[in-house]
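Reviewing the structure listed below.
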Amino acid sequence: MTNSINHTETRAMQVIARVHTPFAEKFGVPRQSGLAPTAGRIVFEPPYRNPDALRGIEGFSHLWLVWIFDRAERETWSPTVRPPRLGGNARMGVFATRSPFRPNPIGLSCVQLKKVEWETPDGPVLHIQGADLVDGTPLLDIKPYLPYCDAKPDAAGGFTDALGGALLTVECAGALLEWLPPEDRSGLLAVLANDPRPRYQNDPQRVYGLTYAGHNVTFRVEGDALLVEGIE
C-alpha cells in the first residue's frame, strides 16, 4: 500500500559554533576543503561550551563540518546552476554540484584537527587546518571523519574529473611575504596557487585583490604564473 500523504517537515536548527578563518570575504576562499593549509579555529556558542561534548574528539585527525551558507541565502532556488569551474556557462543540476545556492543553504567540509585547546575564555576551542569557509561561518554540527568508511579512493568525480588539478606558479617577493606572520604564509601561497579567479576570467592585465588574514593581497595572472603585486 502506497502512502499518499505528501507534506513538508521543518525542523529548527541551532548554531553550535562559529569558524574563524583568514577569509573576510568569499573571494579567495578555496573551492573545496583541504586544498590549502589555512589555519582556523572553531569557537562554540555559550550553550555548547561543555567539554563533555568533545570527549574523545582529540583521537581523530579529521572532522566533518556541517555549516550554513549564511552569505548566500536566497528566497528561491533553481534546479540548475552554473559551476564556476565550467566557465560559468554550462548548467548542471544543483544536487550534482556543491553550489551554495541550494534549497537548504547547507555546506559540508572535511578539515584536519590540529589540536584541542580545552581551557580558554571561550571554553574549548578546536584548531583546524584546510577550511574553505568565510570567517564567522555558523556551524550546525561536527562529526568525526572515519577512514574505514568515509575514504573512497576509487570514487568517480563526475564532470569534475576532466577539470584537472594543475596549480599556478606563484611568484612573490620575500619582502612582501614578511608582512604576514610565518604561520599564514603557506596558506596564502596555496590559495593563490589554486587560482582564486573565476574560471572565465583570463585578462593578464587585470589586477585582482583578496583579503587574507587581515591583509589586502593584489595579484595578476599571466599564463600559468600568478604574480603577487602587493600585500598590505
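The values are calculated or read from the model by the stated rules, or taken from the named source; none is laboratory data. Model, not experiment: these values are computed from the prediction. Note that each Cβ is placed from the backbone with ideal geometry, even for glycine, and that neighbours are counted across all protein chains shown. For the accessible areas, the whole protein counts, side chains as well, though only heavy atoms, and no ligand, DNA or RNA atoms are used. Shrake-Rupley method; radii C 1.70, N 1.55, O 1.52, S 1.80 Å.
Given the condition open to solvent by 30 Å² or more (accessible area, probe 1.4 Å), out of contact with any Pro (no Cβ under 9 Å at 6 or more places or on another chain) and farther than 20 Å from LEU35 by Cβ, answer yes or no: does some residue in the stretch 62-73 qualify?
no
Could you list, in sequence order, all residues of the stretch 121-141 that are touching a helix residue (DSSP H, G or I) at 6+ places or on another chain (Cβ under 8 Å) and more than 24 Å from GLY214 (Cβ to Cβ)?
Here is the first cut: in the stretch 121-141, the ones touching a helix residue (DSSP H, G or I) at 6+ places or on another chain (Cβ under 8 Å) are 123-124, 126.
Correct list: GLY123, PRO124.
Name the one entry in LEU126, LEU108 that is touching a residue at least 40 places away in the same chain (Cβ under 8 Å), within 18 Å of the chain's Cα centre (by Cα), open to solvent by 30 Å² or more (accessible area, probe 1.4 Å) and under 24 Å from LEU188 (Cα atoms). Outline the logic, then answer.
Values: LEU126 fails: open to solvent by 30 Å² or more (accessible area, probe 1.4 Å).
The unique qualifying residue is LEU108.
Only residues that are within 24 Å of HIS127 (Cα to Cα) and not hydrophobic (A, V, I, L, M, F, W, C): list them for the stretch 171-195, please.
Of all residues in the stretch 171-195, those within 24 Å of HIS127 (Cα to Cα) come to 177-194.
Across the stretch 171-195, the qualifying residues are GLU178, PRO181, PRO182, GLU183, ASP184, ARG185, SER186, GLY187, ASN194.
Would you pick out the residues in the stretch 27-50 that are among the hydrophobic types (A, V, I, L, M, F, W, C) and in contact with a strand residue (DSSP E or B) (Cβ under 7 Å, 6 or more places away or on another chain)? Reasoning before the result, please.
Restricting attention to the stretch 27-50, the residues satisfying the condition of being among the hydrophobic types (A, V, I, L, M, F, W, C) are 27, 29, 35-36, 39, 42-44.
Matches in the stretch 27-50: PHE27, VAL29, ALA39, ILE42, VAL43, PHE44.
Just to verify a result, which residue in the stretch 140-187, among those that are aliphatic (A, V, I, L, M) and under 16 Å from LEU227 (Cα atoms), is most open to solvent (accessible area, probe 1.4 Å)? Before the answer, list the steps.
Going residue by residue through the stretch 140-187, those that are aliphatic (A, V, I, L, M) are 140, 142, 146, 151, 155-156, 162-163, 166-168, 170, 173, 175-177, 180.
Pick out the ones that are also under 16 Å from LEU227 (Cα atoms) and you get 167-168, 170, 173, 175-177.
Numbers: LEU167: 107, LEU168: 25, VAL170: 41, ALA173: 55, ALA175: 71, LEU176: 37, LEU177: 29 Å².
If we take residues in the stretch 140-187 being aliphatic (A, V, I, L, M) and under 16 Å from LEU227 (Cα atoms), then LEU167 is most open to solvent (accessible area, probe 1.4 Å).
If you scan the stretch 192-225, which residues turn out to be within 19 Å of LEU35 (Cα to Cα), in contact with a Ser or Thr (Cβ under 7 Å, 6 or more places away or on another chain) and either open to solvent by less than 30 Å² (accessible area, probe 1.4 Å) or among the aliphatic types (A, V, I, L, M) (or both)?
ALA225
Condition first: among the small types (Gly, Ala, Ser) and open to solvent by less than 10 Å² (accessible area, probe 1.4 Å). Now tell me which residues in the stretch 129-139 satisfy that.
Filtering the stretch 129-139 for residues among the small types (Gly, Ala, Ser) gives 130-131, 136.
Answer for the stretch 129-139, where residues must be among the small types (Gly, Ala, Ser) and open to solvent by less than 10 Å² (accessible area, probe 1.4 Å): GLY130, ALA131.
What pairs come up if the first residue lies in the stretch 112-123 and is of a type outside the set (Ser, Thr, Tyr) and at pLDDT 95 or above, the second is open to solvent by 30 Å² or more (accessible area, probe 1.4 Å) and assigned to a strand (DSSP E or B), and their beta carbons are under 7 Å apart, counting only those six or more places apart or on different chains?
So the pair list comes out as GLN112/HIS62; GLN112/GLN129; LEU113/HIS62; LYS114/HIS127; LYS114/GLN129; LYS115/HIS127; GLU117/HIS127.
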